[in-house]
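For reference, the structure is listed below as C-alpha cells.
The values are calculated or read from the model by the stated rules, or taken from the named source; none is laboratory data. Small disclaimer: the values here were computed from a predicted structure and weren't measured. Cβ placement follows ideal geometry from the backbone for every residue including glycine, while neighbour counts extend to all protein chains displayed. In case anyone asks, the SASA skips ligands and DNA or RNA and just uses the protein heavy atoms, side chains included. Shrake-Rupley method; radii C 1.70, N 1.55, O 1.52, S 1.80 Å.
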Protein chains: 2
Amino acid sequence: MSGARESDGEAQPWAEVTPDAARRLLVAAVEAFAERGYHATTTRDIAGRAGMSPAALYIHYKTKEELLHRISRVGHEKALEVLNTAARGAGTAAERLAEAVRSFVCWHAAQHTVARVVQYELDALGPEAWAEIRGLRRQVDAEVRGIIEDGVASGEFDVPDVRGTTLAVLSLCIDVARWFSADGPRTPDEVGALYADLVLRMVGAKQDASRPA
Amino acid sequence: MSGARESDGEAQPWAEVTPDAARRLLVAAVEAFAERGYHATTTRDIAGRAGMSPAALYIHYKTKEELLHRISRVGHEKALEVLNTAARGAGTAAERLAEAVRSFVCWHAAQHTVARVVQYELDALGPEAWAEIRGLRRQVDAEVRGIIEDGVASGEFDVPDVRGTTLAVLSLCIDVARWFSADGPRTPDEVGALYADLVLRMVGAKQDASRPA
DNA sequence: AGCCGGGCTAAGCGCCCGCTCAGCTTCGGC
DNA sequence: GCCGAAGCTGAGCGGGCGCTTAGCCCGGCT
C-alpha cells in the first residue's frame, strides 16, 4: 500500500549506492550474476555492461566478491524491510501473514533479477560476509515465525509444527525468484495474491478472514 | 512402500552407469557440483576426488558439460520415476497427492546432493541438453497437475487456480534440495510427511482423508 | 594560470582453466 | 609368447581469468 506503483521493476532500487559509476557497475553485476551465475560471470563482462574498462571496477570495489557481498546485503535489507512493514502492521495474525507473504512474494517476483542473486549465489561469499548475511536471514525467519506463533496463540491458525511450517512458507516464497519470468503469464501482484491464499490454507486459517468476496 | 530402507542416502543410485571408472567420476562430479557449483568446480577437482588424473575424465566423457548432462538426465529420470510410482497408484486423489509429495520430497531430501545439481545447475547446460531436460520437467509438472485436476473433478479439492497451485506445490518440493541438510533436525521421512500434510491443506482437501490418527 | 588529485584506460602479469596427446601398462585371444 | 586394444598418466598447450600498474584527462582550488 501507498508505494508509487507496485510493479516498479527496476525503478531506482540502488539509489543508496553513492558514486554514480559504482551504482552502474553494481546494476551491471546484478544482471550478469542473475543471467549466468557468479562464477560464470567475468569482471570484463560486468565492466562492459556498465560501459567501462575492466580496470574501472577495482576503483570502486576491492574484489569481484565484494560486489556480490554488497548486492547481497542491500538485497537482503530490502527484502527484510518489505517483510517487516507488512508483519508489524495492524490486524489479525491472518491479515498480517497474508500481507507479509503477498508483499514478500511480490518483491521476489518483481525484483527477480536481484532476488536470484540474493538467494542463489550466497555460497560464493567468504566466511565473514556469509556470517553477516546469515544474521539478516535469521531475522527474516524470526519475523515469519512470529506471525505464525501469534496466530497459533490466538487460535486463528492450526499449525502442528511451527518451525517446519515457517521453513516451508519461506521456502515457497524464496523459490519464486528461481522460476518467475517477466515473460510468463502472471504479474508479480497476481503471484503474491495466489501465494498469500495458499499460505493461509497451509496454516489452517479461516478462509473468510481475508477473502472479502 | 516396499523399498528396502527409506533413507537409502547414497546406496547405489548410479548402478546404471556402466564402466566402473565412469561411475566413480560421475559420483565425484555430483559431490563437487553440489558443494561448489558447476562453474566453480574444476575437472582436476573431479578427477582428484575419483582418485584419477585429470586426463582420465576425457576417456569417459567428452566434456565437463557432458558430465553435468548425464547427472541431470539420470537424476530427473529417478525423480520422475519416484513421482510416477506414487501418482499412478491406487487411491483417492488426496491419497495419491499425499504419497506423491511425500516420496518426491523424501527423495529430494535424502538425495539432496544429486537434487541440488539437478535443480540448480541447469542453466550451465547447452541448448540441446536443456531441451531434453525440459521435456522431463514438463512430465513432472503434468503428473502433479493431473492429480490435482482429478481431485478438483471429484470434488475432493478446492483449487481456484490449478496451474498456479501446481507450480507452487512443485516449487515447494524442489526447494527442499536447497535448504535440506543431513545435519539438520529432520529426517527425509519427517520432511516428506510434513510437506504432504501442508500440500493437502493447500489444495483444500478434507484433512481426515489421509490422517488415520 | 598552475597544480593537484580522483576517475578512468591500455596494457599486461601470473595463474589456472578445459582439454589434448604421446606413451606406458595391462590383459584377453590365439 | 606375442599382439592389439583399452585404460590411464605426465606433461603441457592455448587461452581467458582476476587483478595491477603506469600514465592520461579533467575539474576545482588557490
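Looking at B:L80, is it open to solvent by less than 20 Å² (accessible area, probe 1.4 Å), more than 16 Å from DNA strand D (Cβ to nearest atom) and either at pLDDT below 95 or more than 23 Å from B:V101 (Cβ to Cβ) (or both)? Answer is no for this residue. Among the conditions (1) open to solvent by 50 Å² or more (accessible area, probe 1.4 Å); (2) at the interface with chain B (Cβ under 10 Å from one of its Cβ atoms), the only one that A:D175 does not satisfy is (1).
Residues in segment A:42-67 that are near DNA strand D (Cβ under 6 Å from one of its atoms) and hydroxyl-bearing (S, T, Y) were compared, and the one that is nearest to A:D20 (Cα to Cα) is A:Y58. Look through segment B:33-64, keep the residues that are among the charged types (D, E, K, R) and open to solvent by less than 70 Å² (accessible area, probe 1.4 Å), and return whichever of them is nearest to DNA strand C (Cβ to nearest atom). Only one residue fits best here, namely B:K64.
Of the residues A:A94, A:A87, the single one that is modelled with pLDDT under 95 and open to solvent by less than 20 Å² (accessible area, probe 1.4 Å) is A:A87.
A search for C-beta distances below 6 Å between a residue of segment B:54-78 that is in a helix (DSSP H, G or I) and any residue that is of a type in the set (K, R), counting only pairs 6+ apart in sequence or on different chains, returns B:P54/B:R44. Comparison of B:V74, B:V17, B:V27 shows that the only residue that is surrounded by fewer than 19 Cβ atoms within 10 Å (Cβ to Cβ), more than 13 Å from DNA strand C (Cβ to nearest atom) and either more than 30 Å from B:T166 (Cβ to Cβ) or at pLDDT below 95 (or both) is B:V17. Identify the residue in segment B:178-193 that is under 23 Å from A:A177 (Cβ atoms) and open to solvent by less than 30 Å² (accessible area, probe 1.4 Å) and, among all such residues, is farthest from the other protein chains (Cβ to nearest Cβ). Checked segment B:178-193; the qualifying residue farthest from the other protein chains (Cβ to nearest Cβ) is B:F180. Within segment A:150-162, being surrounded by fewer than 17 Cβ atoms within 10 Å (Cβ to Cβ), out of contact with any Ser or Thr (no Cβ under 9 Å at 6 or more places or on another chain) and more than 14 Å from chain B (Cβ to nearest Cβ) holds for A:A153, A:G155.
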